[in-house]
Structure formats: C-alpha cells, structure tokens
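Since the structure comes first, as structure tokens, the remarks are kept for the end.
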2 protein chains.
Amino acid sequence: MSEVKNAFYAQSGGVTAVINASACGVIQAARQNSDKIGNVYAGRNGIIGALTEDLIDTGQESDESIAALRHTPSGAFGSCRYKLKGLEENRAEYERLIEVFKAHNIGYFFYNGGGDSADTCHKVSQLSETLGFPIQAIHIPKTVDNDLPITDNCPGFGSVAKYIAVSTLEASYDVQSMALTSTKVFVIEVMGRHAGWIAAAGGLASSIDGDIPVVILFPEVDFDQQRFLDKVKTNVDKYGYCSVVVSEGAKWPDGKFLAEQGTRDAFGHAQLGGAAPVVANMIKEAWGYKYHWAVADYLQRSARHIASKTDVEQAYALGKAAVEYCLEGENAIMPTIVRTSEDPYRWEVGKASLSDVANVEKFMPRDFISEDGFGITNICRQYLTPLIQGEDYPPYQLGMPSYVRLKNAAVEKMLKTTFKI
Amino acid sequence: MSEVKNAFYAQSGGVTAVINASACGVIQAARQNSDKIGNVYAGRNGIIGALTEDLIDTGQESDESIAALRHTPSGAFGSCRYKLKGLEENRAEYERLIEVFKAHNIGYFFYNGGGDSADTCHKVSQLSETLGFPIQAIHIPKTVDNDLPITDNCPGFGSVAKYIAVSTLEASYDVQSMALTSTKVFVIEVMGRHAGWIAAAGGLASSIDGDIPVVILFPEVDFDQQRFLDKVKTNVDKYGYCSVVVSEGAKWPDGKFLAEQGTRDAFGHAQLGGAAPVVANMIKEAWGYKYHWAVADYLQRSARHIASKTDVEQAYALGKAAVEYCLEGENAIMPTIVRTSEDPYRWEVGKASLSDVANVEKFMPRDFISEDGFGITNICRQYLTPLIQGEDYPPYQLGMPSYVRLKNAAVEKMLKTTFKI
C-alpha cells in the first residue's frame with residue numbers, strides 16, 4: 001500500500017440542482033492535492049457502490065468534465081435511498097465497507113447527503129474506534145429541505161427556493177392577466193414533507209409591500225379550512241386573484257396530509273393526486289372561482305437552469321472544504337455555512353461535529369411565519385433573500401443546457417466476494 | 001377630430017411568456033411613427049376594455065416601462081376569454097365598438113391572440129364594409145398551442161417548448177440518479193388539449209441518438225394502454241428509468257381524456273387530478289415501479305426566465321410588423337413567420353389574409369410523430385429545434401426577475417352610456 005490514500009465519495013438521498021457542484025469541489029480539491037490524496041473513487045449509486053465494490057474511477061474524467069459538474073444537476077454518479085443500520089444491528093455492512101476500503105486503499109470518506117447520511121457518515125467516522133480501521137469521514141451537507149442543524153442553510157435549498165419564488169411570481173402574473181373572465185386562483189404544490197422552508201420561498205414572489213397576494217400552507221401550521229378559504233376570498237376581493245403555495249406536507253389538525261383525501265378512482269383504487277388539486281377544488285366548491293394548479297415535483301429540485309449563484313458557490317465551497325478539512329486531519333465533521341453578516345450578506349465556511357448534526361431536524365422557527373399562519377415574516381424574508389441571489393446559467397448548445405455525462409468507468413474489482421443489498 | 005388616428009391594442013385568450021414582447025413591438029413602432037399614429041389605447045382585460053370603454057393610456061408609460069414589456073411575461077393590460085359573436089347574432093357589440101372607437105378617434109385595431117381572436121379581428125376588419133366605419137384591423141398571432149395556420153410557428157410556442165424540453169431534460173437527469181433504489185418513472189403533464197406541439201417539445205430532451213428515454217402521449221394518437229406500458233417497461237429494462245410526457249389532451253380511443261378517469265373523492269365528488277397521476281398510477285399498477293409526476297400548468301407558459309430568444313424576437317417583430325403593415329394601408333391580415341432557410345435557420349415576416357386564418361386549426365403532421373406513436377421524428381426535431389434557440393434572460397434584482405408593472409392609467413371616458421358584458 002502506498003502512503004497516499006485514495007478517497008471515496010458518494011451521493012445520497014434525493015438529488016439537487018447543485019449536488020454535483022459539491023462533487024466538483026471535492027474532486028478538484030483532491031486533484032490539487034494529488035501528493036496527499038490519490039484517486040477519488042465515487043460510489044456508483046451512492047453507498048451501495050461501496051458495499052457492492054462498484055466504484056467509479058473519477059481519475060478517468062477530464063478536467064473539463066469535472067468542471068462541467070458544477071453546472072450539471074442531479075447526481076452524476078447515481079444516488080440511492082439506503083440507510084445503513086447501526087453497527088450492532090448490521091455489523092456485516094461495516095465490515096464489508098472496511099473490506100472494500102482496504103482493497104482500494106481508501107482512507108478518506110466523503111458523504112454528500114441529508115440527515116440520514118450525516119448519521120451514516122458519523123458511524124463510518126467511528127470505524128477506527130469501533131472496528132480498528134483508520135478512516136476520516138466527512139459529511140457534505142445537501143438537501144433541498146434545508147432541515148440540517150447548525151449550518152445556516154443547506155446547499156440545494158437556495159436553488160429550489162429561487163425556482164419556487166420565480167415560478168410563483170410568473171404564474172401570479174399569468175393568473176392576474178386572466179382573472180376578470182377566467183382563472184382567479186392558482187395553486188402550486190411544492191416539496192417539503194416535514195418543514196416549510198420551500199413553501200416559504202413562494203412568499204418571495206411578493207415584495208415586502210405585498211404587491212402579489214400569496215397564501216402559503218405550511219406543514220408547521222395545522223390546516224384551518226374556513227380561515228384559509230376566507231383568506232383566499234379576501235385576496236380575490238381585493239386583488240382580483242390569489243396565488244396559493246401548498247407544501248406537500250400540509251396537514252389537517254389530526255395529522256392527515258391534505259393530499260390524502262380518500263380519493264378513489266373508478267376501480268376503487270386509492271387516490272392519485274397531490275395536495276394542489278385538493279386545495280384548488282376546495283376553493284372552487286366554496287367560492288366558485290375558476291382555478292389552475294401545478295405540481296412542481298422533480299422540476300423544482302432539478303432546475304439547474306435557474307439555480308441560485310449563491311447556492312452553487314456554497315455547494316462548491318463545502319465540497320472543497322471537506323477535502324481541506326480532511327487534509328488538516330479532521331474526522332466526523334460536516335463543513336457548514338456560517339452567515340457572518342446580514343446586510344450586506346456575507347458567509348464563510350465553518351464546521352460542525354457530526355455528533356451534533358446526526359438525526360437533528362431543523363424546522364421553520366415560528367417567528368418566520370406570519371401571525372395568521374399564511375405568510376412569511378420580514379425576519380424570514382431577510383433569511384431567505386440572500387440565498388436566492390445571483391444567477392449562474394449553464395452553457396447552452398442548440399437551445400438546450402449542456403449538462404455533462406461522465407464516462408463513469410468502473411474501477412477493477414479487487415475482491416472475490418460479493419455483497420447482497 | 002385630428003387627421004392622426006389613435007390605435008387600439010388588446011390581448012386575448014391565454015397569455016404567454018412573450019405576448020408583452022408583441023405589445024412592446026406595437027407601442028414602440030407606434031411611438032416611432034407618432035406623425036401617423038396618435039396614442040395607443042390598450043383594452044383593459046382585452047376586448048372587454050373596448051366594449052366597456054375601459055381604455056388604458058399607454059402614452060402615460062415611460063419608454064423604459066414599454067421597453068421592459070419585452071422581458072415581462074403575462075398580459076400587461078389584462079387579457080380575457082370573451083369571443084365576439086357574429087355580426088348577425090350580436091350587432092349591438094359591433095355598434096358599441098364603433099361608438100367607442102369613434103369617441104376616441106381610433107382608426108387602427110391590433111388584436112393579439114389565437115384562433116378565436118383572429119376570427120374576431122376578421123369581423124372587425126369588415127366593419128367599414130358592414131357598418132360603414134373606417135378601420136384597419138390587424139391580428140398579431142399568439143398562442144402556446146402553435147395551432148394557427150399559414151405562419152410557420154406562433155409566438156409563445158417557442159418559449160413553452162424550450163421550458164418543456166429543458167424541464168424534461170433536468171427531471172430525466174434526476175430520475176436517472178435515483179432509479180436504482182427509488183423512482184424509476186417520471187411523468188410530466190403538459191398543455192395542448194387539441195394538438196401535441198408542446199408535448200412534442202419534450203422529445204427534444206433526448207438527443208437525436210435517443211440518449212434519454214422519453215415516451216410521449218400525443219392527443220393525435222389514440223391511447224393504447226398495453227403498448228404504452230410495454231414501451232415504458234422496455235425503456236426501464238434498457239436504461240434503468242423512463243420519462244413520460246403526457247399531453248393534457250391525450251385520450252382513449254373512445255375520445256375520453258385520460259385525465260377523466262371517473263375518479264371520486266371520499267364525498268363522491270368528481271375527480272380532481274390531471275392526466276399525469278393517472279398515467280403514473282397505471283405504470284405502478286402494471287410494473288410496480290416507483291414514480292414521481294409533475295403538472296407544469298401555468299408555469300410552462302409564464303416561464304419568461306427561460307424564454308427562447310428566437311421566440312422573443314419573433315413576438316416583438318410581429319408586433320412591430322403589424323404597425324408597419326397598418327401604415328402601408330393593410331387591413332384584415334395577420335403578420336406571419338416565414339421560414340426561409342432550414343440550416344442555418346432563417347426567418348422573415350410575411351402576411352396572411354385573415355379569411356384564410358380564422359377558424360383553421362393546425363395539427364401536428366403525422367410524419368412528425370414516430371411510427372410507434374410515442375416519439376418525434378427527425379423532421380419534427382428539425383422543425384422544433386430552431387424555435388428554442390437562444391436564451392433571453394430578463395434582468396434580475398435581489399435574486400428575482402425585474403418584471404415591469406405598468407401604471408395602466410385609464411383614459412377618460414367620453415361616453416355617457418355603459419355596456420353590459
């Protein structure tokens with residue numbers, strides 16, 4: 001084994017418009033330190049690639065391809081939804097990881113994901129203690145849900161926030177044009193099953209003066225049907241129209257999601273739709289307004305074409321910082337974004353201990369939500385606004401964004417054993 | 001009455017990302033010819049503004065505001081869904097128009113809309129013949145549906161096509177990343193109740209080599225459930241995932257829309273959802289694949305942030321040309337886009353007689369749809385590709401597009417009579 005250890009990098013959970021920017025930061029920083037870090041091996045489809053010894057040799061990608069990751073959405077190496085159990089529950093998984101890491105001389109573990117991944121990364125970081133295998137594990141935060149603690153915000157969130165703010169603005173202009181004789185209410189459903197960060201971004205469609213009537217349904221606020229309907233009507237009476245941003249996680253006081261309305265198709269199969277059509281129909285039944293509704297779904301988190309420049313820079317910076325912390329000997333940490341100044345907005349990279357990060361969820365503070373529960377406060381606006389600053393357009397060719405496709409060449413397997421997922 | 005007549009301009013039907021670029025072209029051209037055209041009065045909420053003498057004085061807007069219309073989506077003066085009946089059926093409406101036009105010295109009528117509006121414009125153009133009132137009426141084409149005849153394409157379509165192509169590409173990257181352990185199929189529902197032009201644009205997400213598996217459901221092709229399900233499975237087997245673009249107008253052989261699946265909620269109310277959840281659920285039931293679905297709705301037609309530069313230029317050019325044709329004495333025409341060269345793509349402005357345009361719908365030619373009915377042919381690709389060329393980003397401020405809000409000051413009413421819509 002050489003002195004210079006290789007690194008393992010994997011993407012985990014739902015992908016974002018900028019997770020590849022973090023990958024770009026990791027790989028470029030590693031290449032700049034090739035005297036200290038050997039190759040970067042990426043897990044094909046996340047941690048599953050490590051368990052099955054299905055590693056991607058990023059060394060075979062050109063500098064241009066790696067640079068292009070910065071403007072390419074989704075997970076270039078494949079991601080997965082697969083949570084490692086605890087060491088006691090499934091020791092075999094950790095022993096397998098060590099077997100693969102040993103076989104490929106891997107001494108650095110970079111895991112790019114959300115809360116669950118932070119937990120996994122934490123367990124890997126303890127492998128030298130628990131199983132005697134020397135490894136440094138660093139978690140790189142990524143989640144559109146913005147629900148990781150300590151870091152001021154999470155890479156991935158700023159871009160989805162920008163997408164939702166811009167889309168809500170544009171659709172509001174549209175419905176306003178049509179309102180006299182046609183559509184009066186537009187409903188957009190956004191992601192965020194547990195926390196209303198993304199829904200809150202819809203509030204940015206309106207200026208601080210409230211020039212555009214936007215009603216937000218947060219997961220944090222129990223749905224009060226009559227108050228909601230009245231709020232919509234008040235807006236239509238005043239402005240002629242109303243936009244509604246509903247979180248997929250919005251729910252009734254009994255905890256049932258709005259989306260679960262017991263809808264059945266002709267064959268009695270369970271409901272198909274989301275919260276948006278439910279809310280839209282509710283308004284129609286109460287007030288007779290013509291409506292339109294949209295469900296943004298994956299469009300919102302993959303919309304690299306309208307990514308926030310701040311978000312891209314932060315995603316890249318945290319990937320790069322992960323490597324630098326690693327070279328400083330750090331283990332069991334996550335680089336974070338620290339807001340050092342509010343106006344003008346300034347940030348720098350900090351770090352958090354994974355024991356403080358793992359399994360902690362950050363919800364919207366109550367003072368971010370307006371008193372009536374249907375909007376954002378100025379404190380919230382102050383928090384969100386810097387995160388959507390700047391545009392970072394990808395290059396285009398023939399009218400379409402030039403997103404990179406990597407070769408993703410496999411590293412030759414060293415082990416004779418396989419591992420069943 | 002002065003020699004110099006005023007102009008009336010109105011926006012009609014569903015708005016687009018670039019209809020205001022046409023308005024910009026009309027008003028700027030009129031301002032450049034102020035010796036021949038007086039003020040441009042816009043109808044507040046379309047033709048209803050003319051009938052109710054609710055006119056907007058565009059002369060009160062600064063040159064900067066008018067210039068900003070070029071990058072502002074939606075209908076800046078308000079649009080409406082209101083079709084004038086025939087002269088025989090509702091003579092009162094036409095007499096009222098004349099009354100208002102006379103009162104405000106209006107001699108030029110610019111109507112910016114789709115097929116129904118072309119018909120209305122045609123009727124107005126005949127007013128000098130039918131009711132002895134001298135007026136020149138020119139129709140400026142606008143429709144995301146791209147279904148007007150004669151013109152090579154319609155302003156508004158290129159931008160929605162670009163939005164759908166880019167969104168389908170981005171979401172396809174996303175689902176590919178997730179496919180091993182999670183979502184394998186992504187379904188996006190797009191507009192186009194009668195014609196599959198917008199759905200076809202989803203095919204541009206894939207290169208000519210078919211690097212991304214996209215299955216399209218066109219309104220022009222009767223839905224064959226088993227063949228569709230087999231096609232999706234073939235793609236998932238080969239690529240690991242599949243994207244589906246379903247037109248809201250996709251239908252069963254008996255003519256029923258896919259979206260009308262007889263879905264009932266818990267209270268027995270009729271279905272709420274669109275075609276996307278129906279199709280997604282169908283795939284899940286057949287093959288068990290995890291799915292995600294999106295309904296783009298208004299987001300697609302208002303997405304000025306990702307407008308096609310070609311589309312913006314054409315929308316502007318046709319607005320400008322309408323004024324120029326008018327000054328040449330034309331009446332009862334529509335400026336058109338003429339494709340003069342395929343490669344490199346070149347276009348110029350032409351004109352069509354409104355009698356050839358009104359009430360004719362242009363469908364996708366059969367040879368634009370692949371033999372199996374689920375994709376686009378190279379001929380279609382050749383037609384579509386130039387229309388999404390170029391980006392024309394709006395200016396941004398504090399992370400959000402700076403769309404203009406006009407003053408929309410009312411012109412003083414001259415008439416003592418009112419008109420009930």
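The values are calculated or read from the model by the stated rules, or taken from the named source; none is laboratory data. Quick caveat: nothing in here was measured; it's all calculated off a predicted structure. A quick note on method: Cβ atoms are made from the backbone with ideal geometry, for glycine too, and the neighbour counts reach across all protein chains shown.
Suppose the filter is among the charged types (D, E, K, R) and either within 14 Å of chain B (Cβ to nearest Cβ) or surrounded by fewer than 21 Cβ atoms within 10 Å (Cβ to Cβ) (or both); does A:Arg96 pass it?
It is true that A:Arg96 is among the charged types (D, E, K, R) and either within 14 Å of chain B (Cβ to nearest Cβ) or surrounded by fewer than 21 Cβ atoms within 10 Å (Cβ to Cβ) (or both).
Return the total of residues in the stretch A:272-293 being outside any helix (DSSP H, G or I) and either more than 10 Å from chain B (Cβ to nearest Cβ) or closer than 18 Å to A:Thr181 by Cα (or both).
So the count comes out to 6.
Kindly indicate which of B:Ile421, B:Ile376 is in contact (Cβ under 8 Å) with a residue 60 or more places away in the chain, β-branched (Val, Ile, Thr) and within 14 Å of chain A (Cβ to nearest Cβ).
One residue alone meets the criteria, B:Ile421.
Could you please give the count of residues in the stretch A:175-189 that are under 32 Å from the mean Cα position of the chain (by Cα) and in a helix (DSSP H, G or I)?
Total meeting the criteria: 2.
Scan B:Val221, B:Val166 and give me the residue that is out of contact with any Gly (no Cβ under 7 Å at 6 or more places or on another chain), among the aliphatic types (A, V, I, L, M) and touching a residue at least 60 places away in the same chain (Cβ under 8 Å).
Matching residue, one of B:Val221, B:Val166: B:Val166.
Scan the stretch B:122-154 for residues that are within 20 Å of B:Ala76 (Cα to Cα) and outside any loop (DSSP other than H, G, I, E, B) and report the count.
4
Of the numbered conditions (1) buried (at least 23 other Cβ atoms within 10 Å of the Cβ); (2) modelled with pLDDT under 95, A:Asp116 satisfies every one except a single condition; which is it?
(1)
Among the residues of the stretch A:143-163, is any farther than 26 Å from B:Met178 by Cα and over 27 Å from the mean Cα position of the chain (by Cα)?
no
Okay, residues lined up against (1) buried (at least 24 other Cβ atoms within 10 Å of the Cβ); (2) away from chain A (no Cβ under 12 Å):
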{"residue": "B:Ala179", "(1), (2)": "no, no"}
{"residue": "B:Ser207", "(1), (2)": "no, no"}
{"residue": "B:Ile216", "(1), (2)": "yes, yes"}
{"residue": "B:Val221", "(1), (2)": "no, yes"}
{"residue": "B:Val232", "(1), (2)": "yes, yes"}
{"residue": "B:Gly240", "(1), (2)": "no, no"}
{"residue": "B:Ser247", "(1), (2)": "yes, yes"}
{"residue": "B:Lys256", "(1), (2)": "no, no"}
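Can you report the number of residues in the stretch B:295-316 which are at the interface with another protein chain (Cβ under 9 Å from one of its Cβ atoms) and not in a helix (DSSP H, G or I)?
5
Could you grab me the full set of residues in the stretch B:62-91 that are assigned to a helix (DSSP H, G or I), in contact (Cβ under 8 Å) with a residue 12 or more places away in the chain and not acidic (Asp, Glu)?
B:Ser65, B:Ile66, B:Ala67, B:Ala68, B:Leu69, B:Arg70, B:His71 - these are the residues of the stretch B:62-91 that are assigned to a helix (DSSP H, G or I), in contact (Cβ under 8 Å) with a residue 12 or more places away in the chain and not acidic (Asp, Glu).
Looking at B:Glu129, B:Glu89, B:Glu61, which one is in the same structural domain as B:Leu354 (by TED's automatic domain parsing) and modelled with pLDDT of 95 or more? Lay out the reasoning, then the answer.
On the way: B:Glu129 fails: modelled with pLDDT of 95 or more; B:Glu89 fails: modelled with pLDDT of 95 or more.
The conditions single out B:Glu61.
Going through the stretch B:73-89 one residue at a time, which ones are facing another protein chain (nearest Cβ under 7 Å) and touching a Gly at 6+ places or on another chain (Cβ under 7 Å)?
Of everything in the stretch B:73-89, those that are facing another protein chain (nearest Cβ under 7 Å) and touching a Gly at 6+ places or on another chain (Cβ under 7 Å) turn out to be B:Gly78, B:Ser79, B:Cys80, B:Arg81, B:Tyr82.
Going by what's in this entry, would A:Ser12 be described as polar (S, T, N, Q) and either in contact with a His (Cβ under 8 Å, 6 or more places away or on another chain) or surrounded by 24 or more Cβ atoms within 10 Å (Cβ to Cβ) (or both)?
yes
Is it the case that some residue within the stretch A:210-228 is of a type in the set (Val, Ile, Thr), outside the structural domain of A:Lys251 (by TED's automatic domain parsing) and in a loop (DSSP other than H, G, I, E, B)?
Initial filter on the stretch A:210-228 (of a type in the set (Val, Ile, Thr)): A:212, A:214-216, A:221.
If we keep only those that are outside the structural domain of A:Lys251 (by TED's automatic domain parsing) too, we end up with none.
No, the stretch A:210-228 contains no residue that is of a type in the set (Val, Ile, Thr), outside the structural domain of A:Lys251 (by TED's automatic domain parsing) and in a loop (DSSP other than H, G, I, E, B).
Looking only at the stretch A:29-72, count every residue that is charged (D, E, K, R) and within 14 Å of another protein chain (Cβ to nearest Cβ) and tell me the total.
2
Restrict the check to the stretch B:335-347 and report whether at least one residue is among the small types (Gly, Ala, Ser) and surrounded by 14 or more Cβ atoms within 10 Å (Cβ to Cβ). Before the answer, list the steps.
The initial filter retains those residues of the stretch B:335-347 that are among the small types (Gly, Ala, Ser), namely B:341.
After this cut, where a residue has to be surrounded by 14 or more Cβ atoms within 10 Å (Cβ to Cβ) as well, the list is none.
Checked the stretch B:335-347: no residue is among the small types (Gly, Ala, Ser) and surrounded by 14 or more Cβ atoms within 10 Å (Cβ to Cβ).
Quick check: anything in the stretch A:324-342 in contact with a helix residue (DSSP H, G or I) (Cβ under 8 Å, 6 or more places away or on another chain), at pLDDT below 95, in the same structural domain as A:Phe110 (by TED's automatic domain parsing) and over 17 Å from A:Ala10 (Cα atoms)?
There is at least one residue in the stretch A:324-342 that is in contact with a helix residue (DSSP H, G or I) (Cβ under 8 Å, 6 or more places away or on another chain), at pLDDT below 95, in the same structural domain as A:Phe110 (by TED's automatic domain parsing) and over 17 Å from A:Ala10 (Cα atoms).
As an exercise: evaluate B:Tyr108 against (1) touching a strand residue (DSSP E or B) at 6+ places or on another chain (Cβ under 8 Å); (2) over 24 Å from B:Pro149 (Cα atoms); (3) not aliphatic (A, V, I, L, M) and give the number of the one condition it does not meet.
With (1) touching a strand residue (DSSP E or B) at 6+ places or on another chain (Cβ under 8 Å); (2) over 24 Å from B:Pro149 (Cα atoms); (3) not aliphatic (A, V, I, L, M) applied to B:Tyr108, the lone miss is (2).
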